Amino acid sequence: MSCAGCRDGEGFELPFSMAFQPIVDVSRGNVFAYEALVRGVNGEGAGSVLSAVNEANRYAFDQSCRQKAIELASRLRSDRDASLSINFMPNAVYEPRACIRVTLATASRVSFPLNRIIFEFTEAEQVDTNHLLNILRTYKGMGFRTAIDDFGAGHSGLNLLAKFQPDIVKLDMDLIRGIDLDRAKRVVVQHTLAMLADLGVTAVCEGIETPAEMAVLRDLGVALMQGYLFGRPAFEAFSPPTLDLAA
C-alpha cells in the first residue's frame, strides 16, 4: 500500500536531533516514558528546526522524526520498561497504513517493541476529525498506544474524546500551573480526572514546576506527571528524574 505523499522520510534536508524529557510515575517511583522533542544538531531549540517545516516537506519531517526518535531511544534505553512518546503531525499522514511503514521498519531493525511506542498529537493542531480518528484507530490496531496532548487547549476537545478514547490524555499545562493557588483549576482538573477514569483513559499532568503543584495533583490521585520539577529535556540522553521519587 502506498500513496502520493509517501517518500520514506526523504526530503527534509535540515539535520536535527532529539532531546528526551521524562514522564514519571510518582506512585511507583519510576519513569513511565520519555517524550522525544526535536532539537537542532547542537541542542538548539525546537524553533530552529520547526521554522524550516512547510506544507511541502512536513511529511518527510514527520517521518524523519519518528525514525530519529526510535533509533536514538533504542541506543539510550537503560530502563527497558520505559516507553517512548513520539509527537506526530496528523496533517502529515496521508494514509495511516502506508505512512507507518518507516516506523515499523525502524522499530523492527532496532528491536524496539511496538507496545512501548506512544504516538501523541497536540489537540491544538486543526485537523479533520474523521481523518484523525482513522489514524488513531489504525495505530491502536497495530499495537501502538495513543495520546492526546494539551487537552483542554485545542479545537476538538470533548467531541473527539466522545468518539475515541486514547490510552493517554495529557492535561494542558495552563490547567496545572499554580493549581495549588487556584480553586477553579482544582475543580476543573478534579472533574476531568474523574471523567477520564470513567472512560478508562490514563491521565498525565504536564508542566509541573513546584512541589506544591505536585502535592495537589497527588491528592487528586494523579500518578503520571511531567515537568521541569522532574527533569528538563536532556539532549540525546535519557536522564533520570532530578527529584527523588522515593522520598
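For the stretch 197-223, the set of residues classified as under 25 Å from P166 (Cα atoms), of a type in the set (D, E, K, R) and surrounded by fewer than 18 Cβ atoms within 10 Å (Cβ to Cβ) consists of D198, R218, D219, listed by residue number. In the stretch 44-57, the residues that are among the β-branched types (V, I, T) form Cβ pairs under 8 Å with partners that are open to solvent by 40 Å² or more (accessible area, probe 1.4 Å) and in a loop (DSSP other than H, G, I, E, B), at six or more places apart or across chains, as follows: V49/L14. When you go through (1) closer than 30 Å to L133 by Cα; (2) more than 17 Å from the chain's Cα centre (by Cα) one by one for L224, which number turns out not to apply? L224 satisfies all of (1) closer than 30 Å to L133 by Cα; (2) more than 17 Å from the chain's Cα centre (by Cα) except (2).
Of all residues in the stretch 182-198, none satisfies being out of contact with any helix residue (DSSP H, G or I) (no Cβ under 6 Å at 6 or more places or on another chain), within 24 Å of I86 (Cα to Cα), not in a helix (DSSP H, G or I) and not hydroxyl-bearing (S, T, Y). Tallying residues that are in contact with a strand residue (DSSP E or B) (Cβ under 8 Å, 6 or more places away or on another chain), closer than 20 Å to I23 by Cα and open to solvent by less than 30 Å² (accessible area, probe 1.4 Å) within the stretch 149-196 yields 13. Among I148, I168, I179, which is modelled with pLDDT of 95 or more and closer than 18 Å to V24 by Cα? Being modelled with pLDDT of 95 or more and closer than 18 Å to V24 by Cα holds for just one of I148, I168, I179, which is I168. For the stretch 224-247, the set of residues classified as modelled with pLDDT of 95 or more, open to solvent by 30 Å² or more (accessible area, probe 1.4 Å) and farther than 19 Å from A69 by Cα consists of Y228 only.
The values are calculated or read from the model by the stated rules, or taken from the named source; none is laboratory data. Keep in mind it's a predicted model, so treat the numbers as computed, not measured. No Cβ is skipped: glycine too gets one built from the backbone with ideal geometry, and neighbour counts run over all protein chains shown. The protein model used for the area step is the full one, side chains on, heavy atoms only, and it has no ligands, DNA or RNA in it. Shrake-Rupley method; radii C 1.70, N 1.55, O 1.52, S 1.80 Å.
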